[in-house]
There are 2 protein chains.
Amino acid sequence: MYRPQIKVVDCTVRDGGLMNKWQFTDDFVEQVYLANSKAGIDYMEIGYLSSESAFSRDEYGPWKFCAEADIQRIIGHNGEKKIKLSAMADIGRIEYNDIPPCEESSLDMVRVACYVHQIDAAIALAHHCMDKGYEATINLMAVSTVGPRDLEEALEDLAKCRVPIIYLVDSFGAFYSEDIDILSQKYMAALPDKTIGIHTHNNQQLAFANTIAAIINGANYLDGSLYGIGRGAGNCPLELLVSFLKNPKFKVKPLIEVIEAHIFPWRAKIDWGYFIPYMMTGVLNQHPRSAMAHMESDHKNNVTDFFNQVTNATDLV
Amino acid sequence: MYRPQIKVVDCTVRDGGLMNKWQFTDDFVEQVYLANSKAGIDYMEIGYLSSESAFSRDEYGPWKFCAEADIQRIIGHNGEKKIKLSAMADIGRIEYNDIPPCEESSLDMVRVACYVHQIDAAIALAHHCMDKGYEATINLMAVSTVGPRDLEEALEDLAKCRVPIIYLVDSFGAFYSEDIDILSQKYMAALPDKTIGIHTHNNQQLAFANTIAAIINGANYLDGSLYGIGRGAGNCPLELLVSFLKNPKFKVKPLIEVIEAHIFPWRAKIDWGYFIPYMMTGVLNQHPRSAMAHMESDHKNNVTDFFNQVTNATDLV
């Protein structure tokens with residue numbers, strides 16, 4: 001039996017765009033949109049909400065901003081919207097005034113990403129989005145680096161807020177499934193009236209396993225991306241997640257088709273997935289930025305050098 | 001706290017050789033041997049025991065046979081043997097008479113691989129190896145296709161035999177961690193006097209997660225391979241497993257060094273790891289041979305064709 005409450009969120013464009021500054025063609029985004037629609041995916045996260053004054057369109061593609069005109073180029077000629085659209089908002093990168101009312105937007109949901117010290121600002125932004133008519137979530141990032149007292153306080157704040165969906169996020173790909181068991185149970189206990197979501201990274205090849213662990217513990221909002229495309233080691237592969245879920249509304253074939261036609265070409269250009277530098281930052285519970293810099297260098301296969309660099313740095317701490 | 005009973009078995013040459021007919025240079029095998037020794041790995045499985053009359057050395061490299069003269073070229077000039085060596089024996093591919101007494105061999109352990117209908121022959125061969133002085137295991141393959149009654153009978157036979165180590169093997173990469181939980185517990189309950197081992201495949205990116213699940217359920221013999229090299233989607237990556245284990249005798253760095261120097265060059269020649277065809281046979285609980293044939297064809301990226309081929313075949317069953 002499947003849980004009808006389960007919703008799947010495709011993060012291909014939003015998280016994958018962290019690897020190429022969202023330089024996806026409109027055709028790419030449209031094909032992902034159509035494939036997600038056919039596959040029964042519940043939400044497509046199409047990018048970030050950012051203020052145009054904070055970033056340059058010369059450097060960043062449209063999905064750094066998710067302006068309505070950008071979205072219309074994708075969905076406007078495809079008839080009625082077939083799938084809910086989501087955008088992520090980082091604290092401090094979007095002005096309240098730059099968020100249109102929901103009825104003037106094709107976005108259905110705003111997911112507010114924050115670190116633990118930003119929790120008050122995140123709640124305020126999520127409430128603002130809800131007041132403008134959007135669904136909203138708060139995605140508390142990098143929990144693997146948050147101490148138990150800070151986490152407890154954050155969960156207490158979240159329990160009191162109006163935001164209905166709270167995400168457990170393994171930003172660094174550092175968690176084993178046992179950690180996900182414990183944290184899911186902690187979130188469920190602290191947030192009895194809310195829905196729990198799960199967003200994983202694949203540094204230790206555990207993104208799919210950890211997503212399953214969260215499902216078993218009651219998480220109902222599940223993030224994935226096509227072929228796992230995403231920052232660093234990437235995310236839970238959507239095609240694996242959909243193959244696992246029992247709800248017959250989900251179809252794998254449209255995902256395989258779009259992977260072949262539109263994701264494979266990106267494999268030759270950007271390196272997401274299991275690579276030793278990403279594995280190392282996952283094992284060490286570190287932000288992947290050092291690994292990403294190494295992978296973008298001209299000596300990305302010198303993984304022993306990278307190992308020495310990060311483990312020596314650790315010894316100093 | 002770590003479990004001192006845990007033993008790690010590196011299958012790089014044995015399982016990886018399934019992808020290249022064991023055409024590894026002596027230098028490759030020696031560097032893997034030295035790295036395993038430095039990393040504190042307990043056993044290196046160096047290949048298969050096969051009768052020279054059954055296979056041609058023109059077609060297969062030395063590690064299809066593991067003759068003592070072959071092994072000596074690797075370890076003979078490296079001083080005292082630093083690590084236990086293992087070889088796998090398939091039922092019907094090795095004559096009893098072709099197995100030397102243990103005191104005339106550098107091998108310490110023979111692992112007998114069998115399907116469920118071969119269990120009696122496997123026990124006989126394992127007993128024969130033990131009588132010749134070897135450690136022995138039985139690795140019951142493809143359990144994901146064995147019905148509950150057949151499995152129960154096989155476990156009853158194994159409980160009665162003298163072989164002390166029995167492996168749970170996910171040959172098709174079809175199991176989720178919940179399946180491993182259930183099967184590990186079944187093996188532990190049916191074989192209370194024996195040690196349980198785990199050998200996984202990575203078709204659904206669950207090889208490491210499933211190995212951890214087996215550890216939690218009491219498995220103490222753990223298989224891995226460098227960078228996951230192995231048939232099809234490959235195995236549990238040894239570097240991830242060693243990073244996870246708490247026993248301070250295990251070191252990751254020698255594994256990273258040998259991956260950089262000797263495994264990376266093979267990435268350009270053979271395709272193991274997460275690919276859609278392997279993912280599909282895992283999801284469908286099928287032998288990977290159709291996926292391997294597809295990956296060796298000149299249209300390996302036509303994964304939609306492969307999807308249609310295997311799902312149509314499934315519909316007919």
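Counting only residues that are under 30 Å from residue B:242 (Cα atoms), give me the helices (runs of 4 or more DSSP H) lying completely in the range A:116-193 with at least 1 of them.
Working: elements: A:119-131, A:148-160, A:177-190.
Filter on the range A:116-193 gives A:148-160, A:177-190.
Just checking, does the range A:212-225 include any residue being of a type outside the set (Val, Ile, Thr), part of a loop (DSSP other than H, G, I, E, B), touching a Lys or Arg at 6+ places or on another chain (Cβ under 8 Å) and in contact (Cβ under 8 Å) with a residue 12 or more places away in the chain? It would help to see each step written out before you state the result.
Going residue by residue through the range A:212-225, those that are of a type outside the set (Val, Ile, Thr) are A:213-214, A:217-225.
Then keep just the ones that are part of a loop (DSSP other than H, G, I, E, B); that gives A:217-220.
Retained after the next criterion (residues that are touching a Lys or Arg at 6+ places or on another chain (Cβ under 8 Å)): A:220.
Still in the list and also in contact (Cβ under 8 Å) with a residue 12 or more places away in the chain: A:220.
The answer is yes, given that some residue of the range A:212-225 is of a type outside the set (Val, Ile, Thr), part of a loop (DSSP other than H, G, I, E, B), touching a Lys or Arg at 6+ places or on another chain (Cβ under 8 Å) and in contact (Cβ under 8 Å) with a residue 12 or more places away in the chain.
Here is a list: A:218, A:228, A:232. Which entry is away from chain B (no Cβ under 13 Å), surrounded by 18 or more Cβ atoms within 10 Å (Cβ to Cβ) and either at pLDDT 95 or above or under 20 Å from residue B:175 (Cα atoms) (or both)?
Of the residues listed, the single one that is away from chain B (no Cβ under 13 Å), surrounded by 18 or more Cβ atoms within 10 Å (Cβ to Cβ) and either at pLDDT 95 or above or under 20 Å from residue B:175 (Cα atoms) (or both) is A:232.
Kindly list the number of the only condition in (1) within 11 Å of chain A (Cβ to nearest Cβ); (2) touching a Pro at 6+ places or on another chain (Cβ under 8 Å); (3) within 18 Å of residue B:17 (Cβ to Cβ) that fails for residue B:300.
(3)
Right, residue B:203: in contact with a Phe, Trp or Tyr (Cβ under 9 Å, 6 or more places away or on another chain) and surrounded by fewer than 24 Cβ atoms within 10 Å (Cβ to Cβ) or not?
no
From the list A:208, A:244, A:250, which residue is buried (at least 20 other Cβ atoms within 10 Å of the Cβ) and either without any contact (Cβ under 8 Å) to a residue 40 or more places away in the chain or charged (D, E, K, R) (or both)?
Sole residue among the options that is buried (at least 20 other Cβ atoms within 10 Å of the Cβ) and either without any contact (Cβ under 8 Å) to a residue 40 or more places away in the chain or charged (D, E, K, R) (or both): A:208.
Could you look through the range A:173-200, keep only residues that are within 14 Å of chain B (Cβ to nearest Cβ) and touching a residue at least 60 places away in the same chain (Cβ under 8 Å), and pick out the one that is surrounded by the most Cβ atoms within 10 Å (Cβ to Cβ)?
Applying the filter and picking the extreme gives A:173.
Since residue A:261 meets every condition but one in (1) at the interface with chain B (Cβ under 9 Å from one of its Cβ atoms); (2) surrounded by 24 or more Cβ atoms within 10 Å (Cβ to Cβ); (3) of a type in the set (Gly, Ala, Ser), which condition does it not meet?
Condition not satisfied by residue A:261: (2).
Condition test on residue A:291, is it within 12 Å of chain B (Cβ to nearest Cβ), surrounded by 20 or more Cβ atoms within 10 Å (Cβ to Cβ) and either within 21 Å of residue B:209 (Cβ to Cβ) or not polar (S, T, N, Q) (or both)?
Against the criterion (within 12 Å of chain B (Cβ to nearest Cβ), surrounded by 20 or more Cβ atoms within 10 Å (Cβ to Cβ) and either within 21 Å of residue B:209 (Cβ to Cβ) or not polar (S, T, N, Q) (or both)), residue A:291 does not qualify.
Per-residue answers, yes or no, for (1) over 18 Å from the mean Cα position of the chain (by Cα); (2) more than 19 Å from residue A:157 (Cβ to Cβ):
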| site | (1), (2) |
| --- | --- |
| A:64 | no, yes |
| A:68 | yes, yes |
| A:74 | yes, yes |
| A:80 | yes, yes |
| A:84 | no, yes |
| A:91 | no, no |
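I'm trying to understand the selection: among the residues of the range A:235-248, which are closer than 25 Å to residue A:27 by Cα, more than 10 Å from chain B (Cβ to nearest Cβ) and not aliphatic (A, V, I, L, M)?
A:235
Restricting attention to the range B:95-109, does a residue exist that is part of a helix (DSSP H, G or I) and either of a type in the set (Gly, Ala, Ser) or touching a Cys at 6+ places or on another chain (Cβ under 6 Å) (or both)?
Checked against the condition, which is being part of a helix (DSSP H, G or I) and either of a type in the set (Gly, Ala, Ser) or touching a Cys at 6+ places or on another chain (Cβ under 6 Å) (or both), the range B:95-109 yields no hits at all.
Counting only residues that are touching a strand residue (DSSP E or B) at 6+ places or on another chain (Cβ under 6 Å) and under 13 Å from residue A:244 (Cβ atoms), how many does the range A:199-212 have?
Residues flagged as touching a strand residue (DSSP E or B) at 6+ places or on another chain (Cβ under 6 Å) and under 13 Å from residue A:244 (Cβ atoms) within the range A:199-212 amount to 1.
Residues B:26, B:98, B:70: which one is over 20 Å from residue B:165 (Cβ atoms), of a type outside the set (Phe, Trp, Tyr) and free of Cβ contacts under 8 Å to residues at least 40 places away in the same chain?
Values: B:26 fails: free of Cβ contacts under 8 Å to residues at least 40 places away in the same chain; B:98 fails: free of Cβ contacts under 8 Å to residues at least 40 places away in the same chain.
After ruling out the rest, the residue left standing is B:70.
The values are calculated or read from the model by the stated rules, or taken from the named source; none is laboratory data. These figures come from a predicted structure and were not determined experimentally. Ideal geometry is used to build each Cβ from the backbone, glycine not excepted, and the neighbour counts take in all protein chains shown.
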